[in-house]
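Reading through the structure tokens given below for one structure.
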Amino acid sequence: MKALKIISVISFLLIGGIQLHGTVNFALLFLYLVDFIQSFTYNNLGIYWEISILAIFTIGTLIIYLLCRKGKDRFLLLFCFVALLLSVLFLTGAFDQNNYDRISFGFIIPLLIFYNKFTNSNNKRFQKTIKPLKQALTTNSQGFFIPYKLLLIFSHSLKHI
């Protein structure tokens with residue numbers, strides 16, 4: 001599991017941008033941190049401070065993801081995944097429609113590796129939740145959908161809260 005996390009983080013840092021200069025996330029995060037530190041002095045690089053705060057939160061999210069325990073923090077890991085996907089959209093310039101013609105394999109392949117390794121490392125953590133839902137959404141021998149199984153599962157889970 002730890003190896004999948006490390007591969008996921010490395011692939012996140014190697015996602016190439018699709019903006020004009022196409023910088024990888026590792027270099028952008030480093031550049032934004034340098035600018036944030038230099039903004040306290042007289043000479044900064046002229047980057048908006050909001051993006052520097054995004055870089056700090058992204059690095060913090062990566063650290064939290066690496067430090068999460070095996071089965072205890074599954075919803076925190078899900079939050080880290082969503083936060084990192086949103087930060088990829090900001091860091092790579094994927095929100096701008098003018099950049100869509102610049103999409104290359106340097107963007108697609110590391111993004112797919114990041115997504116694949118992240119979901120593979122967290123798949124077993126959610127297995128206890130997914131398995132009863134699959135059983136509840138099946139049909140009986142006549143082909144009728146059995147919705148009361150789903151209600152039984154949710155009522156049983158509410159008793160333990």
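Computed from the coordinates by the stated procedures, all read-outs in this text should not be read as laboratory data. Just so you know, these numbers come straight off a predicted model, no measurement behind them. Cβ coordinates were reconstructed from backbone atoms using ideal geometry, including for glycine residues, and neighbour counts include every protein chain displayed.
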- Message: Taking loop as defined by DSSP and a crowding limit of 14 other beta carbons within 10 Å, which trypsin sites (Lys or Arg not before Pro) in region 47-112 fit?
- Response: Arg69, Lys70, Lys72
- Task: Using Cα centres only, tell me the gap between region 51-69 and region 15-36 in whole Å.
- Result: 15
- Message: Once you place label points 7 Å from the Cα toward the Cβ at Asn116 and Phe75, how far apart are they in nm?
- Response: 3.1
